[in-house]
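Here's the structure, in structure tokens; my notes come after.
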Amino acid sequence: MRLRAMAKINLGLDVLGKRADGYHDVRMVMQTVYMYDTLDLTMQVRPGITVETNLPFLPVDKGNLVYRAAQLLMDEFDIRNGLHIRLNKHIPVAAGMAGGSSDAAAVLVGVNRMFRLGLSGSELMKRGVQVGADVPYCVMRGTVLAEGIGEKLTPLPPAPDCHVLIAKPPVNVSTRYVYERLRLDSSTVHPDIDGLLAGINSGDLRRVAAGLGNVLESVTIPACPVIGEIRECMLENGALGALMSGSGPTVFGLYENGSQAKRARDILRQSGKAKIVYLTKLFHRSASS
Ligand code: ATP
């Protein structure tokens, strides 16, 4: 069974506060994009879960989210067969694009289908949060408002179609580092998530672009100025809006015009500021994967 695990970008990301359990309450607008890992799931006679991947530095045991997702369902439903997962990564790792969460979501969907468990999408989402806060969203996909720790999901109308330029600089930013340094007080400038939602609801790409905002940029851009430089480069080269995704370091730009987007892609590649530069489109929930 072959599955595609799609990446996401955050059109909006606000952090409302820290909870007693250490998680943060967030308000995020998530959007799936056409950039994906592929997973091949094979049923085995011998029990157990095995994982292989094209990236040698990724764990292939419980440290890999695909393993944890498979184990969760296989334990609950007492599945005696084994499962082999071949994971081919294309989504940049630790980049703010929820690659691991999306892989886990694909495994939940795949195991449910392969072993005919009969779970609905929302039943898979409920289980997914045990693997990671973004996993329920990665089961749902499309344009979605995510609240709580990211697991309370409200589907939105599809964001207006556009070209999406994605660029990841060669820097590492740990999600924990970013959240620990985020200052939440009266001086915090929060993004206008309501304005963004209004843009999405009216199907107006320019309003969506004007409403892009990520409160975590206040931590990452001073720490890694190249993130800000890539964003500026996109804006100077025709992007209607540009933003860091998640806790970074990936930056994306939204373009109405395809040839302008290609030109910006080429300029960014030549600039040497980003290690990965990729031009793609939005992915909508109704489209088949
Ligand atoms: P998010 O946008 O949810 O913050 P991310 O893009 O920052 O996600 P991931 O690529 O999902 O981060 O993975 C971050 C860490 O999780 C990596 O350091 C990696 O070791 C571990 N990991 C476990 N399973 C996977 C997987 N299937 N793919 C990628 N990373 C994985």
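FYI, it's all coordinate maths here, none of it is from the lab. The structure presented is a predicted model; accordingly, all values stated were derived computationally and were not measured. Note that we place each Cβ from the backbone using ideal geometry, even for glycine, and neighbour counts take in every protein chain shown.
From the list Thr38, Thr42, the one residue that fits, being within 15 Å of the ligand (Cβ to nearest atom), within 28 Å of Leu117 (Cα to Cα) and not aliphatic (A, V, I, L, M), is Thr38.
Looking for something surrounded by fewer than 20 Cβ atoms within 10 Å (Cβ to Cβ) and either within 15 Å of the ligand (Cβ to nearest atom) or over 28 Å from Leu184 (Cα atoms) (or both) - is there at least one such residue anywhere in the stretch 245-256? Taking every residue of the stretch 245-256 in turn, at least one turns out to be surrounded by fewer than 20 Cβ atoms within 10 Å (Cβ to Cβ) and either within 15 Å of the ligand (Cβ to nearest atom) or over 28 Å from Leu184 (Cα atoms) (or both).
Report, by residue number, each residue of the stretch 176-227 that is closer than 24 Å to Leu254 by Cα and among the polar types (S, T, N, Q). Listed by number, the residues that qualify are Asn201, Ser202, Asn214, Ser218, Thr220. Annotation: of all residues in the stretch 84-104 being surrounded by fewer than 23 Cβ atoms within 10 Å (Cβ to Cβ) and among the charged types (D, E, K, R), the one that is farthest from the ligand (Cβ to nearest atom) is Arg86. Checking each residue in the stretch 59-83 for being surrounded by fewer than 16 Cβ atoms within 10 Å (Cβ to Cβ) and within 25 Å of the chain's Cα centre (by Cα) picks out Pro59, Asp61, Lys62, Gly63. Within the stretch 220-237, the residues that satisfy the criterion of being surrounded by fewer than 20 Cβ atoms within 10 Å (Cβ to Cβ) and either closer than 19 Å to Glu147 by Cβ or touching a helix residue (DSSP H, G or I) at 6+ places or on another chain (Cβ under 7 Å) (or both) are Ile221, Gly228, Asn237. Being of a type in the set (D, E, K, R), under 27 Å from Arg4 (Cα atoms) and free of Cβ contacts under 8 Å to residues at least 60 places away in the same chain is the requirement here; does Arg269 meet it? Yes; evaluated as a whole, the condition is true for this residue. Screening the candidates Gly128, Gly142, Gly132, Gly110 for the property of being among the small types (Gly, Ala, Ser), within 20 Å of Phe283 (Cβ to Cβ), away from the ligand (no atom under 14 Å from the Cβ) and surrounded by 19 or more Cβ atoms within 10 Å (Cβ to Cβ) yields one hit, Gly142. Just to check your reading of the model, which residue among Val178, Val173 is over 21 Å from Lys281 (Cα atoms), outside any loop (DSSP other than H, G, I, E, B) and in contact with a Ser or Thr (Cβ under 6 Å, 6 or more places away or on another chain)? Of the residues listed, the single one that is over 21 Å from Lys281 (Cα atoms), outside any loop (DSSP other than H, G, I, E, B) and in contact with a Ser or Thr (Cβ under 6 Å, 6 or more places away or on another chain) is Val178. Within the option set Val164, Val189, Val226, being within 16 Å of the ligand (Cβ to nearest atom), of a type in the set (Val, Ile, Thr) and either part of a loop (DSSP other than H, G, I, E, B) or in contact with a Lys or Arg (Cβ under 9 Å, 6 or more places away or on another chain) (or both) holds for one residue only, Val164. Taking the condition more than 16 Å from the ligand (Cβ to nearest atom), buried (at least 16 other Cβ atoms within 10 Å of the Cβ) and assigned to a loop (DSSP other than H, G, I, E, B), does Leu119 pass? Considered against the rule, which asks whether it is more than 16 Å from the ligand (Cβ to nearest atom), buried (at least 16 other Cβ atoms within 10 Å of the Cβ) and assigned to a loop (DSSP other than H, G, I, E, B), Leu119 comes out as yes. Pairs linking a residue in the stretch 57-76 that is of a type in the set (Lys, Arg) to a residue that is in a helix (DSSP H, G or I), with Cβ atoms under 8 Å and 6 or more positions apart or on different chains, are Lys62/Arg68; Lys62/Gln71; Arg68/Ala104. The set of residues in the stretch 122-160 being outside any helix (DSSP H, G or I) and among the basic types (Lys, Arg) consists of Arg141, Lys152. For the residues Gln31, Gln44, the requirement of being surrounded by 12 or more Cβ atoms within 10 Å (Cβ to Cβ), closer than 23 Å to Thr154 by Cβ and not aliphatic (A, V, I, L, M) singles out Gln31.
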